[in-house]
Every structure is written in structure tokens, then in C-alpha cells.
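**Q** One structure, as C-alpha cells, below. Some questions next.
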Amino acid sequence: MNALENLLEGLAQAMTPQNLLWVLIGVTLGTIVGILPGLGNPAAVLAVLLPLTLKLPPTTGLIMMAGLYHGAKFAGSTTAILLNIPTETSSVVLCYDGHKLARQGRAGPAMGMSAISGFIASTIGVIALTFLAPIVAQFAVAFGPPEFAALMVFGLLLVITVTGKSPVKGFISMAVGLLLSTVGVDLFSGTERFTFGNINLFDGVEFLVLTLGMFAVSEVLINLEHVRGKSLLEIPKGIRNLLPNKQDLKECRGAIAQGSITGFIVGAVPGGGSTIASFVSYTLQKNMSRNRHKFGKGAMEGVAAPEAANNSEVGGAMVPLLSLGLPGSASTAVMLAALLLFGVQPGPRLFETNPEIVWPVIASLYLGNFALIILNLPLIPLWVRLLKIPYWVLYPSILVLAVVGAYSVRGSIFDIYMLIFFSLLGYAFRKLGIPPTPLLMAFVLGPEAENAIRQSLILSDNSLMIFVQRPISAIVLGLAVLVIVWAIYSRRRPGALPPTKADIQQDDDMDELTEAQQREAGEIIKVDVFAPEPSDEAREDGRVTPSTHSPER
Amino acid sequence: MRRLDLATGLVTAAVGAFALYDASDLAMFGEGHVPSAGFFPKILAGLLIFLGLLLAAMSLWASAPIDDDDDDVETSRSGKIKAATVLVVYAVIAPLVELIGYIPAMILLVLVVLYGIERRRDFRSAIVAVVMPLATYYVFAHLFAIPLPNGPLLPA
């Protein structure tokens, strides 16, 4: 029986009414739980809800897990786009363009694009998994510490292409993130680093605490400088304005294809993960796109590419898991635990010994994503309506959720102090024009990069030549150099300068045309949150007219 | 912005120098000349010092300020004071979670923010101040069994 027949049979086994019901429940639960800070990480969602899946038959339980996983992923992109708060590492990149699109009144299309590109990429990932698993497994085995170190360095060096106008500030942010990642007890030697004798720092800085402070709370503080009690963002009326249009889909075809391939390849590398997959995909797309000047300012491709990578990575990550028993990420580590609990031993012979488990599992990945798009796509208008909540209600809620999220990590008051510290740091970064995202990326990748580099140097007796002598490592580093050279060249070439006022005015004119077209189709509720409040004198003199939307009191 | 960049650069270099000082007891290389605990931290600290000094130097010699702020929005002085006040209030009240309990501390936080800073002294603010902490307590402590401190005011 060939792979396609096995997959179709797996789909047939998976698509029973009971399994379909549980995958829908899984997607719903995963989305709801994934929204919450402290539990937004898909691995955490899976871990928390794993006991539920164990009560079900093995195939059904694994199918429900696939639903939970996809739901949690979607939740991460939801909070990143709507609120600029990434609850999991792979949705950090969405804050660049996704939230900018939301600020331009295109939250719905951004979320829709996230779901659609994820669905398409997941389909591609499952197909690739079905037919390429044995080949990719051999490639994954060839990855040793030097290759992994090269991949991490590649990811970190790509920071230069997304640091905005000041690469120096971007590198400062990255260096601070790497330094923060060294806090704690060194795994190799057991030595304390930067703990100042505080036992709470022995395990290092918690990712969630750092994220909540640098992104959630600092975002609130920045918004407070502008928003005066109104809704946070513009909410277009009409369902057509709440989903991506044909132009968006046409523009993003290449981004989805690129993201799907990148995500699958990176995901297949043990330890690759969706974070680096989404980041690499975003950076590649930014450098390849004809609209690269829009990246960072609200480019739909900036949502499509990383989300495609994020979702096809799942298919890639299943390759080392199923064929080698090696979990490639935290989420697949939890899946491995579930497989073992169900009595399934992943490994090279899994496809022969337990085909009745494996193929429905692979099919369930696809089902989970299908259920996600059926369930959550129509709910996007509902999610977007959350933005209608007055900001004076929303931001205290975010502050409260940040406290409970930080405290829930370890039940330690120290994490609340760290939350406050990172809130201040995040606010300071924003005021000083230092991008916070490279810090977060470096913080996540830092420990793995350090371990891989140290292991590589141990292998090579401290010779750096190991990184160029091994072919895969040399290729990855060569790609990194190419991307950086291209990024520097594209910054400096004629026409690559930041837009002038005339360019901005032209863009504004284009936006007005779009708005006019939108007004014909349906009304837009325009909330000019950035207009300064006119003085009472000005109002009395009649120098200003009432705004179209009165402030909420 | 140029003076700000100069200060940012100098502070960054100072942070790097402090990190280098704190890591001075850590060995760069261990037995068998393998990279040890101090390898990464010292390199990063040196990198921070370099980047900080570079930023400071660029701010002195650049003809135009290095402005990475994409927002064209001007912030008002009152907005900045409001943001700073919220941060101070947050820093003072959030740590009271373990002292007085999660629910009382969060109710106090929201009340101070809404009544004191936002000056929304109405029934809706009171409802938000009570409902939000209670709802999050229920979800996290009861549904997900994550222990949150009750404090002396509420029963265990």
C-alpha cells in the first residue's frame, strides 16, 4: 500500500462523527485557553489539557490533541494581531505587520489571512510529510551541533534585516536578549551566571514574564500616551471588510508558498521549531518581496509568510518525531509523551508496526487545521469586535491578566517584580527607539545557540573551521551572509531610502481612495484616536467641528 | 533625539561593563580548553560595550538623528504623565498580591486606575474593578487549578 492510499485510509478512519466532534472541541478549547497569558504557549495548552485527551480512545485522543494544538496556535496569532501581545514565541513576528494592519483597520483581513495561509501551508506540510518523511528523516539525522549552531546564528543575524532604520539599536536589543538568556545556572558547568545570589534566578528569566512585561504592559503604557478612553482601533463595518480580499490573496501567493517550504524544512530539523521557522520565513519574504517597503508598516505578506511557516512546521516537526522518536519542539515533546502514554513507540519502524495509529495521526493534523478554519474564520468578526471594548476597560484587564500570567508561572512574587522590571525596560526601549522584538528572538534562541556553539567548539578543539568544513553548516552560514549582504545593499541602493513626505502623502491618497471605495460598500466607523483633543476655546470659537465619533464616557 | 541616543549609547556601554565585571569570576575556558561558563557572557558584554560606544559616537557625528520611531504621533505631556503614573501604581500595587491576596490587590489596582487616574468615578468602573479580578481568579484558580494567594482577608 503506498503512502497516498495509507493517508486516505487514515483520513477515513479519522473522519468519524465522534472524531470530528472531538477535534472541534479541541480547536475551541485550544483557542480559548491559548488566549490566556500564562497558558498561551501551545506546549502549555497541550500539557494542561492532555489529561482530557487520555480519557478518550488513542486515535480520538490524538486527533483532539491536534485540534488543541492548532487552536492554541491560532490564539497566539489572534493576540499578536489584535493587541500586539505574543502569547507564544512563533507569533512574535506577527506583531511587526499584523498589529500594524489592525491599527489601519484591517484586523479582520489580517486574522483571516493568518487562518487561510495556515490552512494552505498545513495542507502542504501534511502532503510533504506523507511522501518525504523517510528522505527528510535522513537529512534531519545529519544535523549535528555545528549545523544547529549555524541555523541559530542564521536566525540571529537575520535581525539586521528587520531592525528598522537603526541596525545598531537592533543589535543592542539582540545583545541584551542574548545576555538575558545567559542568566541562571550554566548547564555545562553548573556555575551560576548573573543570579546575584538569588535562588529565583537559578532557572533563568521566564519567557512569559519577559513577554508580558516587554510587550503587553509596555504596549499599554505606550497606548496610554495617545488613547483617550476611546476604542483602541478602527473597526470597519461589513463582512467584506473583515476578511482578506482577492487582492490580498493574490499578493500573498508567493509568501504562502515560500513560508510553507521554509516552515517544513526548518521544522524537520530537531530543535528547529516554529519560532525560527516563522522568523526566517518573514525575513526571506521581506527580502524577496516587491513591496518590501511595506514590511513593518502593515504588509499582508508579513502575516502570510510567517503564519504559513508556523503551520507547515508542524508537518516537518512530525518527521523526526514519528520516524526517529525525536521531538523537534516543546509541542512535539508533549505529543511524544502522549504517544507513549497511548502505548505507541515512535521510531523508524512505527509506520510498519502501528499504521492504524500513525496515518490517522497524520490525517488529524490536517483535520485540526480544517476544523480551525471552519470554526474560527467565521468567528473573526467576533474577535475583531473585542476591539470595540473601550480602552479604559481593556487596559486594566490586560494589567490584571499580566499579573496573574506572571504569577502563575511559578507562584512566586519574584516573577511579579520581574514583570515590573521588564515593563519598565519595554517602555524605555519603545521611547528610545530600540525595537523589542530582536531582544525576544535572541532570548529564545540564545540558550540553544550557545549550547550548539560550545558543543561544536568542543568537537573541533576550539577551531571555528568546523562551521565551514561541514557542508550543511557552510551552506546555512553562506545563506546568512547572502541575506545580510542583500539587506545592506537594498538599504543603500537608490530608491531604498525611507519614504519622503511626498511618498507618504501619495500613500495617504491611495489609502483615502481605498477608504472611499470602502465607504461605497459599507460604512467605516472612524475613530480618530490620534487627534489631539481640541481646546474648549477652539470649540467655542467654532474653529473645530465635532469629530465623527464622540469619546466614550 | 541625538542627546537621547548619546545617553542610550553610554548607558548601554555601562550595562555591558557591569556585565563584564560580574562575569569576571567566570572562566572563559575550562578543563581541556573547552568553552566554559564565561565564554558567552564575556563576549556578549564586550559586544554591548562596543555597540553602546558605537551608538554614542554615531549620535555625535551623525548629521541627522537616528530615529527609529515609526509612529508619527506626537505624544502630549499629559499622556506621558498618565503612562508614568500607571506604571508607578502598577509597581506599587501588583506586589501586594502575596500580602493582601490576589483578589483584593487586583480590585485595588483597577479601582486606583479607573477612579484615580482615568477619573471615571461611576458604577461601571466599580463593576469592572470587581468583575475582572473575580473572573480571572475563577478561571485560573478553579478551572486550571493554579494556586493564587487568598491573603488574610479571604478564606483559604
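The values are calculated or read from the model by the stated rules, or taken from the named source; none is laboratory data. Nothing here was measured: the structure is a model prediction, and the numbers come from that model. Note that we place each Cβ from the backbone using ideal geometry, even for glycine, and neighbour counts take in every protein chain shown.
**Q** If you take the residues of the stretch A:413-435 that are over 23 Å from B:Ile81 (Cβ atoms) and touching a residue at least 60 places away in the same chain (Cβ under 8 Å), which of them is surrounded by the fewest Cβ atoms within 10 Å (Cβ to Cβ)?
**A** Going through the qualifying residues, I end up with A:Phe414.
**Q** Same structure again: Looking only at the stretch A:382-407, how many residues end up being touching a helix residue (DSSP H, G or I) at 6+ places or on another chain (Cβ under 7 Å), more than 10 Å from chain B (Cβ to nearest Cβ) and not β-branched (Val, Ile, Thr)?
**A** 3
**Q** Now a separate question. Hey, does the stretch B:128-136 have a residue that's without any contact (Cβ under 8 Å) to a residue 40 or more places away in the chain and farther than 15 Å from A:Ile398 by Cα?
**A** No, because not a single residue in the stretch B:128-136 is without any contact (Cβ under 8 Å) to a residue 40 or more places away in the chain and farther than 15 Å from A:Ile398 by Cα.
**Q** A:Leu379 - would you say it is within 10 Å of another protein chain (Cβ to nearest Cβ) and hydrophobic (A, V, I, L, M, F, W, C)?
**A** no
**Q** I'd like to verify a number: residues in the stretch B:1-44 that are farther than 17 Å from A:Ala175 by Cβ and not in a helix (DSSP H, G or I), how many?
**A** 10
**Q** Right, next: Taking helices (runs of 4 or more DSSP H) that fall entirely within the stretch A:81-184, which contain at least 1 residues that are closer than 19 Å to A:Pro438 by Cα and at pLDDT 85 or above?
**A** Where helices (runs of 4 or more DSSP H) fall fully within the stretch A:81-184 and carry at least 1 residues being closer than 19 Å to A:Pro438 by Cα and at pLDDT 85 or above, they are A:94-103, A:145-157, A:167-181.
**Q** What helices (runs of 4 or more DSSP H) lie completely within the stretch A:368-480 and have 1 or more residues being within 30 Å of B:Val130 (Cβ to Cβ) and of a type in the set (Lys, Arg)?
**A** Qualifying helices (runs of 4 or more DSSP H): A:380-385, A:391-410.
Here's the yes/no breakdown for (1) among the basic types (Lys, Arg); (2) within 11 Å of chain A (Cβ to nearest Cβ); (3) surrounded by 15 or more Cβ atoms within 10 Å (Cβ to Cβ); (4) under 23 Å from the mean Cα position of the chain (by Cα):
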position: B:Leu109; (1), (2), (3), (4): no, yes, yes, yes
position: B:Arg120; (1), (2), (3), (4): yes, yes, yes, no
position: B:Arg124; (1), (2), (3), (4): yes, yes, no, no
position: B:Met132; (1), (2), (3), (4): no, yes, yes, yes
position: B:Leu143; (1), (2), (3), (4): no, yes, no, no
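**Q** Quick one: would you say A:Leu46 is under 25 Å from A:Met441 (Cβ atoms), modelled with pLDDT under 80 and not in a helix (DSSP H, G or I)?
**A** no
**Q** Which residue is farthest from B:His142 (Cα to Cα), if the candidates are limited to the stretch B:83-105 and must be hydroxyl-bearing (Ser, Thr, Tyr) and within 8 Å of another protein chain (Cβ to nearest Cβ)?
**A** That would be B:Tyr90.
**Q** Go through the residues of the stretch A:205-217 one by one and say whether even a single one is assigned to a loop (DSSP other than H, G, I, E, B) and either of a type outside the set (D, E, K, R) or modelled with pLDDT of 90 or more (or both).
**A** Yes, because at least one residue in the stretch A:205-217 is assigned to a loop (DSSP other than H, G, I, E, B) and either of a type outside the set (D, E, K, R) or modelled with pLDDT of 90 or more (or both).
**Q** Kindly provide the set of residues from the stretch B:94-105 that are within 20 Å of the chain's Cα centre (by Cα) and either among the small types (Gly, Ala, Ser) or at pLDDT 95 or above (or both), ordered by number.
**A** B:Ala94, B:Ala105 - these are the residues of the stretch B:94-105 that are within 20 Å of the chain's Cα centre (by Cα) and either among the small types (Gly, Ala, Ser) or at pLDDT 95 or above (or both).
**Q** Here's a follow-up. Being over 19 Å from A:Ala452 (Cα atoms), within 8 Å of chain A (Cβ to nearest Cβ) and surrounded by fewer than 18 Cβ atoms within 10 Å (Cβ to Cβ) is the filter here; which residues of the stretch B:16-46 pass it?
**A** B:Asp22
**Q** Quick check on my filter: what residues within the stretch A:82-107 are within 20 Å of A:Ala371 (Cβ to Cβ) and not hydroxyl-bearing (Ser, Thr, Tyr)?
**A** A:Glu88, the sole residue that qualifies.
**Q** Please count how many residues of the stretch A:449-476 are more than 12 Å from chain B (Cβ to nearest Cβ), under 28 Å from the mean Cα position of the chain (by Cα) and crowded, with 20+ Cβ neighbours inside 10 Å.
**A** The number of residues fulfilling the criteria is 2.
**Q** Within the stretch B:53-82, restricting attention to residues that are more than 7 Å from chain A (Cβ to nearest Cβ), modelled with pLDDT of 80 or more and closer than 17 Å to A:Leu432 by Cβ, which residue is surrounded by the most Cβ atoms within 10 Å (Cβ to Cβ)?
**A** Filtering the stretch B:53-82 for residues that are more than 7 Å from chain A (Cβ to nearest Cβ), modelled with pLDDT of 80 or more and closer than 17 Å to A:Leu432 by Cβ, the one surrounded by the most Cβ atoms within 10 Å (Cβ to Cβ) comes out as B:Ser59.
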